[in-house]
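Structure first, then comments.
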Amino acid sequence: MKKVNISALAPGMVTAEDVYDFNHRLILPKGLVLTDHTITKLELYSIISVKIEDQRAEMPKEDAIPADTSYSQRLKLTSEFQNFEVKYTTATSIFKAIVDDSLRHPDKLDTRQLIQNIETLLSTKDKHVNVFDMLHNMRQLADATYVHCMNVGIICNIFAHWLHMSPEDIETATLCGLLHDIGKLMIPNNIISKTGKLTDLEYRIMQTHPREGYEMLLTANVDEPIRNAAYMHHERCDGTGYPQHLTSDQIDPFAKLVAIADVYDAMTCARLYRGPMCPFKVIAALDDESLQKYDPHYILTFLKQIADTYLLQSVRLSNGEVGQIVFINPNKLSRPTIRVGDKYVDLSAQSDLYIDSVV
């Protein structure tokens, strides 16, 4: 039995003990064979590590097949992706340099340069599905904390536009996303990058990153919502988050926004055993669990916008059929209507079918 970091989990591993949330409610039982879905559920609950049996279970061969392979490969061949990748790599390097300098001189953190860096990166015509898809497919870059912060900053910028925020609040939301995990830079790298088991001490140290980020930003020239986002982005509206188990009315609105962007990026990222996760599987996971944990207006707006951007997109169903999304069901966003040849498949009425991948 060993304690394994969430980033190192893979289908076939078996839980060695019951897994509870921060309110001591059961999430997964002991002896459960992990699947991609249950690993994603742990991300949703902000679980950092779980105890795993030494022996792994055999998984069906198809579970190890990378998701969305053909779509991902086609996307990477486009000039749009290649141009964005160059801009993204440059922007991430600039972001890293600004943040690294702020670690030495927090009072000189240049937030205007951070905003301009994101605005330059997002100066494309399409700020929606293509940007999200491109982010999902750029997982080879080193400096995982910086890359994740960049992604969450970009997602928060787009999300804030979807919420029709003022230009000033859009900038604040972007900065909240960019700096939300800055506290992880205070955590020893051997813990952050560890792919094996975390000791109990390492687990406790990892959970200090919200406070570390908040305290660092106290000496920086940033507004209170940005500090709060660093401190509260793992809090949940039902009190199951950490570090203070705050409930909805106690959580900063910008922190609520960042929490959604943070978990979406974590859930869609490629893992060792698969490529980027199908957005509709992420929507399904969030749709099942989210209304208690996240601000209802924020999460419903976010999921609807994500789903709507895939209208008319070709997808592969779990039975192998390929069709086109022709209607997004507002009451079940993860289960739209698909046109397959001459027939229409309403996934909301067929519980045995689901979207397996975008093609």
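Rule-based calculations on the coordinates, nothing more; no lab input. Note that the coordinates shown come from a computational prediction; the quantities given were computed from them, not determined experimentally. No Cβ is skipped: glycine too gets one built from the backbone with ideal geometry, and neighbour counts run over all protein chains shown.
Structural remarks
- Label sites at K332 and E80, each approximated as a point 7 angstrom past Cα along Cα to Cβ, lie 3.0 nm apart.
- The stretch 97-217: translational diffusion in µm²/s, Stokes-Einstein, Kirkwood Rh over Cα pairs, 10 °C, 1.306 mPa s: 102
- Using the rule -39500 (n - 2.57) for each DSSP H run of four or more residues, divided by the residues of the chain, the 222 nm mean residue ellipticity is -14500 deg cm²/dmol.
- Using Cβ point charges alone (K and R +1, D and E -1), the dipole size of the chain about the Cα centre works out to roughly 700 debye.
- Measuring against 24 Å, Cα to Cα, the residue pairs K3/K184; K76/K256; K76/K293; K41/K184; K41/K332 contain K76/K256; K76/K293 as the ones spanning a longer distance.
- Computed E for D18/Q292 - FRET, C-beta separation, R0 22 angstrom, nearest 0.05: 0.60
- Computed label-point distance, nm, for sites W162 and E53 using a 7 Å Cα→Cβ extension: 3.9
- Spin-label model, T89/Q73: points 7 Å from Cα along the beta carbon direction are separated by 2.2 nm.
- Using a Förster distance of 51 Å, the FRET efficiency for D100-L312 (Cβ separation, nearest 0.05): 0.75
- Full extension of the chain segment joining Q244 with L353 gains 35.3 nm, where the gain is 0.36 nm per residue of separation less the Cα-Cα distance.
- Using a Förster distance of 22 Å, the FRET efficiency for M1-S193 (Cβ separation, nearest 0.05): 0.45
- Values of log10 I(q)/I(0), in the order q = 0.15, 0.20, 0.21 Å⁻¹, for the stretch 216-359 under a Debye, Cα-only, solvent-free model: -0.80, -1.13, -1.20
- Other residues within the sphere of radius under 14 Å centred on the Cβ of Q350, judged by their own Cβ, net out at -1 (K and R +1, D and E -1).
- Convex hull per residue volume in Å³, alpha carbons only, for the chain: 133
- Potential extension, K30-E321 segment - 0.36 nm per residue separation minus Cα distance: 101.2 nm
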